[in-house]
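Reviewing the structure listed below.
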Amino acid sequence: MQLTCRHVLVLVSAFAFLTSRAVAQEGKIEFNRDVRPILSNHCFVCHGPDNNLRKAKLRLDVEKDAHEAVIVPGKPAASEMFKRITTDDVFERMPPEKHNKPLSKGQIETLRKWIEQGAKYEKHWSLIPPKHHTIPALKNAGWVRNDIDRFILARLDKEGLTPSPEADRRTLIRRLSFDLIGLPPTPEEVDAFLADKAPDAYEKVVDRLLASKHFGERMAVHWLDVVRYADTAGYHSDNHRDVYMYRDWVINAFNGNMRFRDFAIAQIAGDLLPGATDEQKIASGHNRLLQTTEEGGGQAKEYTAKYAADRVRNFSTAWLGLTLGCTECHDHKYDPFTTREFYKLEAFFADIQEVAIGRQPQTPIVRGAQANQLKQFDDQIAALQMEIAGLGKEQAKEVQQKLAAVQKQKSDYLKTVPSTLVSTAGAPRMVRILKRGNWLDDSGEPVQPDVPAALNALAISRGKKRADRLDLANWLVAADNPLTARVFVNRLWMLYFGQGIVKTADDFGALGQWPIHPELLDWLALDFRTSGGDIKQVIRQMVTSAAYRQSSKSTPEARHRDPYNQLLSRQARFRLDAEFVRDNALAISGLLVPKIGGPSVKPYQPAGYWRYLNFPTREWANDKGENQYRRGLYTYWQRTFLQPSLLAFDASTREECTVERPRSNTPQQALVLMNDPTYVEASRVFAGRIVRSSKKTPDQIQTAYRLALQRPATSEEVAILTTLYERHRGHYESDPKEAQAVLGVGFAPAAKDLAPAELAAWTSVARAILNLHETITRN
């Protein structure tokens, strides 16, 4: 999610609320936790890292400079900084009144205590490598299921809060199913879990879901947002390109529990690995997922600069949780990163071969039988060429015709071979520092590939004069990189608890939020690294914890003292992601096709939605057959005109790296669930299942709830839906044409053995159930 300044201020305020008690209790001021947020928000714009905006040649972000100029450690009254923030003279007071960012009394007191205690600085917390912390000892450890819980419970005890009770089993299996595979459990799976009295019944469900082929699909939805995967180029006419093999590689990587080191290296530098396999080359397509243009009037030099900058923005946010985009034009205003370092990172990607303007060449990926067929063509061509070489001109003419025919056959066959975008290394182009990002200015200094000085040092492979993407990838996953493991486990935590330990999952910098459980975050990162980057293991730890198994219902005390649930006094409750809202409806109806992988598909979309797409003009053709009922993950991703029902539920256009989607609640979403052909058709097929289950209306409603929500309907719900069914049946009996209109939506054949008015009325009931908040909510 892209954060505005207002969002940042809200987050900082929320964090300050939670940390103020800890400061008061401990009495000891920590620079990173207590002071840096104040200086970042109120002082660093004028007295921070940005040389261009710095006032009075004063830096408050560097300890030596601040101590020499305005701070006397241990003596607030003698410190010019403290005098200036407490003076009554509005012309002398800092921050200046015109900036409209006055310090509160509490912030001034924090700064006073900090100076009094010695005004010690620290590197920003996320730039300090994770360290081992003693796992907290607890007086009452009965709630604990694994070490995660010890950190959570220790903080809750400190804040005078207690965990919520464990959720009921039906809620737990729905939560696990949506979280781990993005699909609802079947009634049979719920029944089996409820009946299983074994002490490891819950863990067996977890292991079954982690082993499911749909686990990789669920994980891919998040990762494809991060790397801005799409089926189109983005800029100008937003033309088609084939990259679905990369999406399938991601799914298979998660399903196969590829170790994180391999996962990262393959995507950044798979093509540079010795003897790179087709799969590693496909993974390297990660570097080609950016927006490109085919605009005839585009300036090649401009778009070369755009592509280079895009890769740095994406790399820094996707893998490091940093916001380096601003350093394309100026040194970072809050974090220790410079414009020079931005262009040094660009230089790592300068070897990637691509066209600046025009259709990007695709690379055929030949597999199995296709490789055998191409070998046959090559053998025939070689034999004919040898035959020609031994013949005279006249005699060779007929053989040459045969050769031309075989070569054409091979060329035509190659057109049927799937292709994708991969990274291909060539001679690296020169990268210069562009002053203020101006691609027209060639006066900047040339730079070589290197990493930011504030992070771990880069090791260049022996024998190389110049670092390359493989060196960058190895640096990224090195044990002394302070960010990578933290950033990744924090995002996993976000998926399973609704928000990260660091709430700003895309910003681990000074304007990001301090981790609410810093010791737990370090523990998770180090444990992840110790496991060899075992992604399924760290997920299993999270979802088998008592913290995860809590009810999402909160007590009045918890709502008051932990309003944003940052301390994890309960589980989170949130709407499903766009793709899973669709998948859920198709699964409930029985229409879902569980096939894994393959080219993107085109579910129902309003006619004319693409009418403003030009060069060339295009029209969306709804798929028929099984492709209409594939998971939302496989939907054709047109960046400028994203499939509207997914867009309504906040799916990302993937024009930029998206770490966390917003979760809105709008009338359009209810209209999509009620009227979009996908949901009308799903309701109709769902209605057929309901009708055939029983002859009695109350029993049919119970079947509907069992299929959709895996619980019995209450007597009140039965009464409401019975009234709805009877009223709509009467309406459709009096207007058969309208009943037929409802039953005619979609490609799935209507149930001819059922009375149209009855089926249409139950379709209304099914539409209401699919529109329930509970149906699309993960509790």
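On inspection, residue 64 passes the criterion of being open to solvent by 80 Å² or more (accessible area, probe 1.4 Å) and within 44 Å of the chain's Cα centre (by Cα). With the requirement that a residue be of a type outside the set (Val, Ile, Thr), closer than 22 Å to residue 765 by Cα and outside any strand (DSSP E or B), what does segment 547-589 give you? The answer is 576, 580, 582, 583, 584, 585, 586, 587, 589.
Mind listing just one residue for me: the one in segment 237-255 that is farther than 19 Å from residue 596 by Cβ and of a type outside the set (Lys, Arg) and, of those, most open to solvent (accessible area, probe 1.4 Å)? Residue satisfying both the conditions and the ranking: 240. Against the numbered list (1) farther than 23 Å from residue 317 by Cβ; (2) touching a residue at least 40 places away in the same chain (Cβ under 8 Å); (3) open to solvent by 20 Å² or more (accessible area, probe 1.4 Å); (4) not in a loop (DSSP other than H, G, I, E, B), residue 204 comes up short only at (2).
Only one residue in 334, 303, 343, 307 is part of a helix (DSSP H, G or I), open to solvent by 10 Å² or more (accessible area, probe 1.4 Å) and more than 30 Å from residue 404 (Cβ to Cβ), so which one is that?
Details: 334 fails: part of a helix (DSSP H, G or I); 343 fails: open to solvent by 10 Å² or more (accessible area, probe 1.4 Å); 307 fails: open to solvent by 10 Å² or more (accessible area, probe 1.4 Å).
Result: 303 is the single residue among 334, 303, 343, 307 that is part of a helix (DSSP H, G or I), open to solvent by 10 Å² or more (accessible area, probe 1.4 Å) and more than 30 Å from residue 404 (Cβ to Cβ).
Apart from one condition, residue 660 fits all of (1) open to solvent by less than 20 Å² (accessible area, probe 1.4 Å); (2) within 30 Å of residue 306 (Cβ to Cβ); the exception is (1).
Quick check: is even one residue across segment 471-491 farther than 18 Å from residue 129 by Cβ and touching a His at 6+ places or on another chain (Cβ under 9 Å)? Yes, the conditions are met somewhere in segment 471-491.
Condition check ((1) surrounded by fewer than 16 Cβ atoms within 10 Å (Cβ to Cβ); (2) in contact with a strand residue (DSSP E or B) (Cβ under 8 Å, 6 or more places away or on another chain); (3) at pLDDT below 95) across all residues:
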{"site": "28", "(1), (2), (3)": "yes, no, yes"}
{"site": "33", "(1), (2), (3)": "no, no, yes"}
{"site": "41", "(1), (2), (3)": "no, no, yes"}
{"site": "56", "(1), (2), (3)": "yes, no, yes"}
{"site": "81", "(1), (2), (3)": "no, no, no"}
{"site": "90", "(1), (2), (3)": "yes, no, yes"}
{"site": "94", "(1), (2), (3)": "no, no, no"}
{"site": "97", "(1), (2), (3)": "yes, no, yes"}
{"site": "110", "(1), (2), (3)": "no, no, no"}
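Taking the condition free of Cβ contacts under 8 Å to residues at least 24 places away in the same chain and either open to solvent by less than 20 Å² (accessible area, probe 1.4 Å) or not hydrophobic (A, V, I, L, M, F, W, C) (or both), does residue 503 pass?
Values: free of Cβ contacts under 8 Å to residues at least 24 places away in the same chain: no; either open to solvent by less than 20 Å² (accessible area, probe 1.4 Å) or not hydrophobic (A, V, I, L, M, F, W, C) (or both): yes.
No; evaluated as a whole, the condition is false for this residue.
Please verify whether residue 327 is modelled with pLDDT of 95 or more and under 25 Å from the mean Cα position of the chain (by Cα), treating the condition exactly as stated. Yes: the conditions hold for residue 327.
Just so you know, in segment 589-633 the residues that are over 17 Å from residue 240 (Cα atoms) and among the aliphatic types (A, V, I, L, M) include one that is least open to solvent (accessible area, probe 1.4 Å), and it is 633. Taking the listed residues 405, 478, 425, 396, the one that is loosely packed, with under 13 Cβ neighbours inside 10 Å and at negative phi is 405, with no other qualifying.
For segment 70-163, the helices (runs of 4 or more DSSP H) that sit wholly inside it and include 3 or more residues that are within 41 Å of the chain's Cα centre (by Cα) and touching a residue at least 24 places away in the same chain (Cβ under 8 Å) are 105-116, 147-158.
Considering only residues that are closer than 17 Å to residue 506 by Cβ and either open to solvent by 10 Å² or more (accessible area, probe 1.4 Å) or not in a loop (DSSP other than H, G, I, E, B) (or both), which ones fall in segment 222-236? Passing the criteria: 222, 223, 224, 225, 226. In segment 739-779, the residue that is surrounded by the most Cβ atoms within 10 Å (Cβ to Cβ) out of those that are small (Gly, Ala, Ser) and part of a loop (DSSP other than H, G, I, E, B) is 746. When residue 176 is tested against (1) of a type outside the set (Val, Ile, Thr); (2) open to solvent by 10 Å² or more (accessible area, probe 1.4 Å); (3) within 26 Å of residue 499 (Cα to Cα); (4) part of a helix (DSSP H, G or I), just one condition goes unmet, and that condition is (2). The single condition among (1) among the basic types (Lys, Arg); (2) within 42 Å of the chain's Cα centre (by Cα); (3) at pLDDT below 95 that residue 752 does not meet is (2).
Go through segment 620-738 and tell me which helices (runs of 4 or more DSSP H), entirely inside it, have 3 or more residues that are farther than 23 Å from residue 603 by Cα and of a type in the set (Ser, Thr, Tyr).
On the way: elements: 644-648, 667-675, 677-693, 697-709, 715-734.
Fully inside segment 620-738 and qualifying: 697-709, 715-734.
The values are calculated or read from the model by the stated rules, or taken from the named source; none is laboratory data. The model shown is predicted, which means the values in this text are computed figures rather than measured ones. Reconstructed Cβ throughout: ideal geometry from the backbone, glycine too, with neighbour counts over all protein chains shown. Note: areas computed on protein heavy atoms with side chains; ligands, DNA, RNA excluded. Shrake-Rupley method; radii C 1.70, N 1.55, O 1.52, S 1.80 Å.
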